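*Asks:* Have a look at this one before I ask anything.
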Amino acid sequence: MPALSKNKDHLAPTLLRVAIPSPLRRTFDYLPTKDLINSSLLVPGLRVSVSFGGQKNIVGIVIDADNRLSEHKLKSIHAVLDDEQPTLTSEILALCEWCSRYYHYPLGEVCHLALPTLLRKPSPLPIKEKSFTWQLTTQGRQCNAQNFSRAKKQLAAWEAFVERGALSPEHIKVLDISRTSINALIEKGILEKITDEKPTPNTKTAFDTENPKALTLNSEQKHALDNIHTDTFNCYLLDGVTGSGKTEIYLQTIQKVINKGQQALVLVPEIGLTPQTVSRFQQRFNVPVATLHSGMNDKQRLFTWQDAKAGQTPIIIGTRSSVFTPFPNLGLIIVDEEHDLSYKQQDGVRYSARDTAIVRAQQQNIPIILGSATPALETLHNAISGRFTHLHLTQRATTSQLPNIHCIPSSDDSLSPQVVNAIRQTLAKQQQALVFINRRGFAPTLICQDCHWVSECQNCDSRMTLHKLSPTRQILHCHQCDTKNTPPSKCPKCHSKRLQPLGQGTQRSEEELRALFPGTPILRIDRDSMSRKGELANALEIINSEQPCILVGTQMLAKGHHFANVSLAVILGIDSGFFSSDFRGSERMGQLLTQVAGRAGREKHQGTVLLQTEFADHPLLQKLIHHGYSALSQQLLSERRLCDTPPYRHMAFIRCHAFQANSAIQFLQQTRQHCENTLSSSPSLQYLGPLASTIEKRNNRYYYYLQIKATKRSDLHYVLKTLCLILEKQRAPKGLHWLIDVDPQET
Ligand code: ADP
Ligand code: ZN
Ligand code: ZN
């Protein structure tokens with residue numbers, strides 16, 4: 001990285017351009033401190049503290065330095081916050097700059113997003129405890145199995161050390177080695193504890209060998225792996241049915257990359273980061289595998305980030321924002337379940353981690369693999385048009401066949417006799433059944449049987465869900481604004497006592513199942529039941545023990561898991577998906593159905609999928625059932641082409657919310673006029689709206705948006721860029737907020 005002070009004819013810089021988290025889309029000029037001027041630290045990405053507006057001390061990032069003389073009297077930065085290297089590496093800074101341009105969001109805000117929370121503040125950083133590993137002593141290396149005649153656990157532990165050299169505390173947890181065994185081996189002089197300032201991965205044993213744990217690939221997998229080249233940028237779509245062994249391809253490609261001494265970044269959806277996924281990676285590799293996700297505290301995230309930057313963590317598995325993790329020599333990015341909605345941030349910088357990852361791979365000239373059984377239509381379009389390399393896995397990797405979906409006509413979501421029967425048979429075969437219903441709580445609403453009053457939220461355009469807190473205590477909860485009320489004892493409108501829960505959520509299905517199958521473990525897996533720490537791990541343990549049980553839950557249960565003994569999947573409550581007002585509605589439903597169905601029969605047993613629906617004849621559903629997701633997506637793509645929607649058009653929303661619907665509408669109307677009349681009359685651009693968001697009123701605010709479509713992306717960006725500059729200067733009406741959403745995913 002060139003030091004800025006050496007640029008520009010070797011003149012010492014007179015001012016610094018600093019990105020600061022503020023709503024303004026520009027950088028701000030400051031004077032450098034004296035000792036910074038000739039310091040080798042003066043490179044882009046440096047973290048400094050400055051005063052800005054009314055704030056005395058905030059973190060900014062140096063973007064550039066300049067020899068200009070400023071006409072204004074400038075303030076000096078207060079201090080340089082980095083001591084050896086700038087916080088943002090040149091790669092991450094380049095990625096932030098792209099994000100800022102593409103999503104039309106202030107660079108300072110994007111830079112802050114890319115930083116661990118603790119680095120966003122100018123305060124001193126916590127010190128990491130020295131890390132340590134256990135290693136075999138010379139004596140330990142000379143042992144043989146006979147030395148452990150009666151101590152089976154110690155033998156297993158010793159073997160693990162022989163295989164891997166050194167093991168960290170995290171590693172011994174994953175490998176299920178007890179502290180008692182470790183202590184016994186230390187006492188016998190077989191193990192020693194090594195504290196290392198900067199532990200480096202055990203390169204000799206980790207990198208040089210073929211991994212003995214790699215599975216022998218089937219011919220489709222082999223073809224896919226052979227076609228993934230790890231030396232340059234290319235985007236691969238690994239389009240493989242559920243259970244086709246995509247993860248095995250990830251693992252073997254990662255092996256190639258770490259063999260070269262490079263690092264790999266694996267992105268997973270928000271709820272995909274289960275202990276099961278992580279241990280699958282940790283069990284495979286002899287090098288550290290770290291995770292980054294929202295469940296970690298700020299300190300843990302900082303330390304993981306620092307280790308990654310220092311090259312001590314060759315493999316990171318993380319959710320959305322880990323796309324900004326720095327590595328000294330990144331060699332591969334994987335985006336698992338690339339179609340997943342959680343990759344798109346829905347507030348602040350509305351970036352897509354998948355698309356940002358593709359740009360990062362391109363900027364760093366490394367390969368990226370997007371994996372899914374149900375690729376997003378945008379991704380498929382890119383694969384079909386040849387921009388991405390399309391790799392197919394059409395068969396399950398195990399002996400089982402993909403399950404077929406059978407429809408069971410039903411007008412409500414209580415379990416039909418056929419379903420109950422199928423669950424009973426599954427349990428009798430000592431197998432597990434999964435019941436999917438995408439609605440948490442007991443019932444989506446409470447209704448008066450006399451006057452048809454329903455429990456609506458006062459602050460939102462939505463109904464309040466009835467939750468059971470205990471057998472006798474209930475609560476009405478608005479999932480939009482989080483308001484919680486005690487349910488009324490009689491109808492607020494007609495005072496009738498005949499109030500009844502209407503419809504079915506996971507809690508009600510759970511209750512129904514408990515009554516039908518007393519004595520069978522019933523595990524409910526949704527956000528409410530899993531909010532307590534360790535709860536998901538407990539549930540997974542029971543599931544993985546393969547004892548007969550019934551799982552009931554939301555999409556938390558539906559995605560990415562590999563449950564070996566689940567042979568029946570029941571799907572309830574998806575009918576509203578047929579009538580979604582969103583043009584992506586059918587795509588999402590096809591993905592969800594395929595993913596849930598994909599949980600059944602993944603290993604030894606043939607799977608069955610039962611879908612309870614009122615619309616069994618729906619043509620799209622028929623297409624999916626008889627011809628699969630791939631055929632459905634072809635059809636949806638041709639519909640998109642006819643309707644001029646993405647991926648055949650580029651799209652952005654100007655979103656706006658205000659306390660009055662009228663002020664939001666008026667603001668967007670004016671914005672539209674302005675765009676159409678003044679900014680660009682390019683025929684490539686089309687405007688629609690203002691339109692109300694799917695949930696128009698949320699927490700007493702009204703949400704509207706203006707849709708802009710373009711045949712040429714550059715036209716869209718030109719309008720957005722110019723518009724931002726204008727809107728930024730104007731004073732928005734009081735209480736009104738606007739923002740830009742590029743490639744919006746939800747209306
Ligand atoms: P996906 O990621 O495509 O859903 P997984 O990678 O979870 O699929 O694989 C499903 C199951 O198939 C796992 O139990 C995995 O161990 C097994 N599997 C994958 N590849 C092979 C292979 N080549 N030979 C045998 N089993 C395999
Ligand atoms: Zn009533
Ligand atoms: Zn509400």
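The values are calculated or read from the model by the stated rules, or taken from the named source; none is laboratory data. Keep in mind the model is a prediction, meaning the values are calculated, not measured. Don't worry about glycine lacking a Cβ; one is built from the backbone with ideal geometry, like all the others, and counts go over all protein chains shown. SASA here: full protein model, heavy atoms, side chains in, ligands and nucleic acids out. Shrake-Rupley method; radii C 1.70, N 1.55, O 1.52, S 1.80 Å.
*Asks:* Please indicate, with yes or no, whether at least one residue in the range 60-68 is part of a helix (DSSP H, G or I), touching a residue at least 12 places away in the same chain (Cβ under 8 Å), open to solvent by 30 Å² or more (accessible area, probe 1.4 Å) and over 20 Å from R301 (Cβ atoms).
*Replies:* No, that holds for no residue.
*Asks:* So which residues in the range 442-459 are in a loop (DSSP other than H, G, I, E, B) and away from ligand 3 (no atom under 14 Å from the Cβ), if there are any at all?
*Replies:* F442, Q449, D450, C451, H452, W453
*Asks:* Let me ask something else about it. Every residue in the range 657-687 that is hydrophobic (A, V, I, L, M, F, W, C) and open to solvent by 80 Å² or more (accessible area, probe 1.4 Å), please.
*Replies:* F659
*Asks:* With part of a helix (DSSP H, G or I) and crowded, with 21+ Cβ neighbours inside 10 Å as the only criterion, which of L95, L113, L88 stands out?
*Replies:* Step by step, each of L95, L113, L88 is checked, and only L95 is part of a helix (DSSP H, G or I) and crowded, with 21+ Cβ neighbours inside 10 Å.
*Asks:* Among the numbered conditions (1) at pLDDT below 90; (2) in contact with a strand residue (DSSP E or B) (Cβ under 7 Å, 6 or more places away or on another chain); (3) surrounded by 20 or more Cβ atoms within 10 Å (Cβ to Cβ), tell me where G243 comes up short.
*Replies:* Failed condition: (2).
*Asks:* What are the pairs, 6+ residues apart or on separate chains, where a residue within the range 480-502 that is within 16 Å of ligand 3 (Cβ to nearest atom) has its Cβ under 6 Å from a residue that is among the small types (G, A, S)?
*Replies:* Q480/S462
*Asks:* Next question. Taking only the range 421-435 into account, find how many residues are outside any helix (DSSP H, G or I) and not aliphatic (A, V, I, L, M).
*Replies:* So the count comes out to 4.
Table: residues versus (1) of a type in the set (S, T, Y); (2) open to solvent by 10 Å² or more (accessible area, probe 1.4 Å); (3) within 16 Å of ligand 1 (Cβ to nearest atom).
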position	(1), (2), (3)
E337	no, yes, yes
D340	no, yes, yes
A353	no, no, no
T356	yes, no, no
Q364	no, yes, no
L370	no, no, yes
T374	yes, no, yes
S385	yes, yes, no
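*Asks:* Could you check the range 331-414 for strands (runs of 3 or more DSSP E) lying wholly inside it with 1 or more residues that are within 16 Å of the chain's Cα centre (by Cα) and polar (S, T, N, Q)?
*Replies:* 367-372
*Asks:* With the structure loaded, tell me whether I625 is of a type outside the set (D, E), touching a strand residue (DSSP E or B) at 6+ places or on another chain (Cβ under 6 Å), part of a helix (DSSP H, G or I) and open to solvent by 40 Å² or more (accessible area, probe 1.4 Å) or whether it fails that test.
*Replies:* When the stated conditions are applied, I625 does not pass them.
*Asks:* While we're looking at this one, here's another question. With V257, V268 as the choices, which residue is modelled with pLDDT of 90 or more, over 21 Å from the mean Cα position of the chain (by Cα) and among the hydrophobic types (A, V, I, L, M, F, W, C)?
*Replies:* Every option except V257 fails the conditions.
*Asks:* Tell me yes or no: at least one residue of the range 225-238 is at pLDDT below 95 and either within 19 Å of the chain's Cα centre (by Cα) or of a type in the set (F, W, Y) (or both).
*Replies:* No: zero hits.
*Asks:* Then there is this: With the checklist (1) closer than 25 Å to N297 by Cβ; (2) touching a residue at least 24 places away in the same chain (Cβ under 8 Å) in hand, flag the one item L36 doesn't pass.
*Replies:* For L36, the exception is condition (1).
*Asks:* Looking at Q252, Q262, can you tell me which residue is polar (S, T, N, Q), open to solvent by 10 Å² or more (accessible area, probe 1.4 Å), more than 30 Å from A597 (Cβ to Cβ) and touching a Leu at 6+ places or on another chain (Cβ under 8 Å)?
*Replies:* Result of the check over Q252, Q262: Q262.
*Asks:* Give the residue that is nearest to ligand 2 (Cβ to nearest atom), with candidates limited to residues of the range 476-493 that are under 20 Å from R698 (Cβ atoms) and surrounded by 15 or more Cβ atoms within 10 Å (Cβ to Cβ).
*Replies:* L476
*Asks:* Scan the range 494-527 residue by residue and report those that are in contact with a strand residue (DSSP E or B) (Cβ under 7 Å, 6 or more places away or on another chain) and open to solvent by 50 Å² or more (accessible area, probe 1.4 Å).
*Replies:* C494, R498, Q500, L502, R508, R514, listed by residue number.
*Asks:* Within the bounds of the range 106-127, is there any residue that is over 22 Å from the mean Cα position of the chain (by Cα) and farther than 30 Å from F28 by Cβ?
*Replies:* yes
*Asks:* P619 versus (1) surrounded by fewer than 19 Cβ atoms within 10 Å (Cβ to Cβ); (2) within 25 Å of S416 (Cβ to Cβ); (3) touching a Cys at 6+ places or on another chain (Cβ under 9 Å): which is the lone unmet condition?
*Replies:* Here P619 meets the rest and fails (3).
*Asks:* Can you name the residue in the range 428-441 that is open to solvent by 10 Å² or more (accessible area, probe 1.4 Å) and under 29 Å from A692 (Cα atoms) and is also nearest to ligand 1 (Cβ to nearest atom) among such residues?
*Replies:* So the residue we want is N438.
*Asks:* Within the range 452-475, identify whether any single residue is open to solvent by 40 Å² or more (accessible area, probe 1.4 Å), within 16 Å of ligand 2 (Cβ to nearest atom), within 23 Å of S411 (Cβ to Cβ) and hydrophobic (A, V, I, L, M, F, W, C), and answer yes or no.
*Replies:* The answer is yes, given that some residue of the range 452-475 is open to solvent by 40 Å² or more (accessible area, probe 1.4 Å), within 16 Å of ligand 2 (Cβ to nearest atom), within 23 Å of S411 (Cβ to Cβ) and hydrophobic (A, V, I, L, M, F, W, C).
*Asks:* Among the residues of the range 564-612, count how many are crowded, with 24+ Cβ neighbours inside 10 Å, within 20 Å of S414 (Cβ to Cβ) and not aliphatic (A, V, I, L, M).
*Replies:* Total satisfying the criteria: 1.
*Asks:* Just the residues that are surrounded by 15 or more Cβ atoms within 10 Å (Cβ to Cβ) and of a type in the set (A, V, I, L, M, F, W, C), please, taken from the range 209-232.
*Replies:* L217, A224, L225, I228, listed by residue number.
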